[in-house]
Amino acid sequence: MEMKIATRRCADQEGVFRCFHYFLTVDQEETPRLCCENYGVRIAEDSGDDISIPGITTSASRIDELMTLLVDNRVGPAGLADVVADWL
């Protein structure tokens, strides 16, 4: 399952406007004893670039923190993996 969180429009270094769409992804993690939600993120650009990283954390507050960081800094698909790696 996924939920759209935000859309941000910004100009790149050449002054070309780009539009990024940010999504929260939710997967169910099941074990014999319990079931929990595992959160990830997806960023899609109007130009067609699209990347997702599932299963980043099971903490709702931590994924909210990451999503805020991505949206506020207008991180695009190309930078998602690096930002998530640094954030972890």
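The values are calculated or read from the model by the stated rules, or taken from the named source; none is laboratory data. Values in this document were obtained by computation on a predicted structure and should not be read as measured data. Every residue, glycine among them, receives a Cβ derived from its backbone with ideal geometry; neighbour counts consider all protein chains shown.
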| message | Please count how many residues of region 50-63 are out of contact with any Phe, Trp or Tyr (no Cβ under 9 Å at 6 or more places or on another chain) and either within 19 Å of ALA85 (Cβ to Cβ) or in contact (Cβ under 8 Å) with a residue 24 or more places away in the chain (or both). | response | 3
| said: Being hydrophobic (A, V, I, L, M, F, W, C) and surrounded by 15 or more Cβ atoms within 10 Å (Cβ to Cβ) is the requirement here; does LEU24 meet it? | reply: yes
| query | Of all residues in region 1-57, which are basic (Lys, Arg) and assigned to a strand (DSSP E or B)? | reply | LYS4, ARG8, ARG9, ARG18, ARG42
| Condition test on SER47, is it small (Gly, Ala, Ser), farther than 18 Å from THR7 by Cβ and modelled with pLDDT under 95? | no
| task | Take the residues in region 66-81 that are exposed (fewer than 13 other Cβ atoms within 10 Å of the Cβ) and either over 12 Å from VAL41 (Cα atoms) or acidic (Asp, Glu) (or both), then tell me which one is modelled with the lowest pLDDT. | result | ALA78
| task | May I ask you to list pairs of residues, at least six apart or on different chains, whose Cβ atoms are under 7 Å apart, with the first in region 1-28 being in contact (Cβ under 8 Å) with a residue 24 or more places away in the chain and of a type in the set (A, V, I, L, M) and the second being surrounded by 12 or more Cβ atoms within 10 Å (Cβ to Cβ) and not in a strand (DSSP E or B)? | result | ILE5/MET67; ILE5/VAL71; ALA6/VAL71; LEU24/ILE63; LEU24/MET67
